[in-house]
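Comments concern the structure below.
The values are calculated or read from the model by the stated rules, or taken from the named source; none is laboratory data. A quick note: this is a predicted structure, and the numbers were derived from the prediction, not measured. Cβ coordinates were reconstructed from backbone atoms using ideal geometry, including for glycine residues, and neighbour counts include every protein chain displayed.
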Amino acid sequence: MRMGLERAFMDGMCLGNDMSIQSIAVLGAGQMGNGIAQVAACAGYDVTMIDINQDYLDKGMVAVKNSLSRVVKKERMNQDDADLAIAKISTSTHKNAASSADLVIEAIPEIPELKFSTFSEFDEICKPDAILASNTSSISINAIAKATNRPERVIGMHFMNPVPVMKLVEIINGSATSPEVTQLVLDACEKMDKIPLSCNDSPGFVSNRILCPMINEAILTLEEGVAEPEAIDGIMKLGMNHPIGPLALADLIGLDTILHIMNVLYEGFDKDPKYKPSQLLEDMVVEGKLGRKTGSGFYNYE
Ligand code: CAA
C-alpha cells in the first residue's frame, strides 16, 4: 500500500480547484465496499460509506481498521497516516449523504434489479456531473447505465478481492461512457495506487470471462474424482505459480458469486456448454456451502 496521504494532501493543495474528483461515496460496507473506502481514504479522498444499517457500517469500519493495522505492522504506513485515513471516512445510513459526492462507487449485492433501482435512485440524489460507477463483477454496464439519465457518466470500476492488496481495477466502458469520465476514473484509480486496465462491456468483462471458467473446470475435475482439492490447488499453485489454487480462490470469492457469474456467461453466450456451471457448484450453493463467508466450501474455516 502506498504511504499516499501526505502526497495526496500536497497534491490537493497544489492543484486546488483543479482536482476534479475530491469526494467519493461508496455504497455498501461489505468486503468490497469497505476495501474501496479504505484505499480511497488512503489516497486522500473524503469518503462517505453508505449502507442500509449501522451494524453493517460498524463492521465495515472494523475491517478497515484491522486492515490498516496490518499495513502499519508491516511498516508500510505510520500510525498517524492510518488514523488520518480512518478520519477521512464518514458513515451514513442515509442515501442523501451521497448528494455532494463527485464519484459514487456502488458495491452492493450482485442482484440486477437491485443495481438498476439503486442507480436510478442515485441518479436523482447525486449532483448532475457526478460519476456513477459500479463495482459489479458481471452485470452489464450498459444495462445499469440505462437505469439513469446520465449513461455517459456511468462506468464499471471492478476492484479485486482483497481490495487493499490487489493492484488491478478493471475499468468497464459502457457504449455511452464519455472519454472524459473514463480519464477521470483512470486518474482516480492511479491516485489510489491501483493499476486500471480498460475493456468494453461484454459478459464477464475480461477478468471473470477467463477466471470463472477456470474455477468451474477445477470444480468439474473434483466432481469427476480426478484429484482431491489439495492436489488440484497444489498443482495450479506450484505448476502455474498461482498465489492460491482455484478451489481456495472460489472459497475466497464465494461459491454463490462464482455460480452467478457462470450463469451470466452461460446466458450471455447463448448457452454455450463451455460456460455451463458444474453440478457440484450448483449443489454446494444449494447446501449453503459458500466458502469462507459461511465457514465451509471446498475447505473448512471454522
Ligand atoms: N489488508 C491489508 N493487507 C492485507 C490484507 C488486507 N485485507 N490481506 C492480506 N494482506 C497482506 C498481508 O499483510 C501480507 O503482507 P506481506 O506480503 O507484507 O506479508 C500479504 O497481503 C499477503 O497476505 P498473507 O500472508 O496473509 O496471505 P497470502 O500470502 O496467502 O496472500 C492473498 C493473501 C494476497 C489474498 C493471496 O492469497 C492472493 O493473491 N490470492 C488471490 C487473490 C485473487 O486472485 N483475487 C482476485 C479474486 S477475483 C475478484 O476479486 C473479482 C471477481 O469479480 C470475482
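Just for region 228-239: of the residues that are aliphatic (A, V, I, L, M) and over 13 Å from LEU211 (Cβ atoms), which one is farthest from the ligand (Cβ to nearest atom)?
Among those residues, the one meeting the criterion is ALA231.
Listed here are the residues, each with its yes/no results for (1) on the phi > 0 side of the Ramachandran plot; (2) outside the structural domain of ILE125 (by TED's automatic domain parsing); (3) in contact (Cβ under 8 Å) with a residue 12 or more places away in the chain.
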| site | (1), (2), (3) |
| --- | --- |
| GLY44 | yes, no, yes |
| LEU57 | no, no, yes |
| ASN66 | no, no, no |
| LYS73 | no, no, no |
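Here ALA133 meets the list (1) within 24 Å of ARG209 (Cβ to Cβ); (2) surrounded by fewer than 22 Cβ atoms within 10 Å (Cβ to Cβ); (3) away from the ligand (no atom under 14 Å from the Cβ) almost entirely, failing just condition (2).
Looking at ASP201, is it of a type outside the set (A, V, I, L, M, F, W, C) and over 20 Å from LEU265 (Cα atoms)? When the stated conditions are applied, ASP201 does not pass them. In region 102-116, is there at least one residue being closer than 22 Å to PRO243 by Cβ, outside the structural domain of LEU247 (by TED's automatic domain parsing), surrounded by 21 or more Cβ atoms within 10 Å (Cβ to Cβ) and modelled with pLDDT of 95 or more? Within region 102-116 (the criterion being closer than 22 Å to PRO243 by Cβ, outside the structural domain of LEU247 (by TED's automatic domain parsing), surrounded by 21 or more Cβ atoms within 10 Å (Cβ to Cβ) and modelled with pLDDT of 95 or more), the answer is no, since none of the residues qualifies. Pairs linking a residue in region 250-278 that is of a type in the set (Lys, Arg) to a residue that is more than 11 Å from the ligand (Cβ to nearest atom) and modelled with pLDDT of 95 or more, with Cβ atoms under 6 Å and 6 or more positions apart or on different chains, are LYS276/TYR266. For the structure I just gave you, tell me whether ASN142 is within 16 Å of the ligand (Cβ to nearest atom) and either touching a residue at least 40 places away in the same chain (Cβ under 8 Å) or not in a strand (DSSP E or B) (or both). Here the answer is no, as ASN142 does not meet what is asked. Looking at region 91-101, is at least one residue charged (D, E, K, R), in contact with an Asp or Glu (Cβ under 7 Å, 6 or more places away or on another chain) and more than 16 Å from the ligand (Cβ to nearest atom)? Yes, that holds for at least one residue. Inside region 35-59, residues that are surrounded by 24 or more Cβ atoms within 10 Å (Cβ to Cβ) and not β-branched (Val, Ile, Thr) make up a count of 9.
Being within 24 Å of the chain's Cα centre (by Cα) and either assigned to a helix (DSSP H, G or I) or loosely packed, with under 11 Cβ neighbours inside 10 Å (or both) narrows it down to one residue among GLU282, GLU302; which is it? None of the others qualify; the one that does is GLU282.
Picking from residues in region 145-160 that are buried (at least 16 other Cβ atoms within 10 Å of the Cβ) and in a loop (DSSP other than H, G, I, E, B), the one that is nearest to the ligand (Cβ to nearest atom) is MET160.
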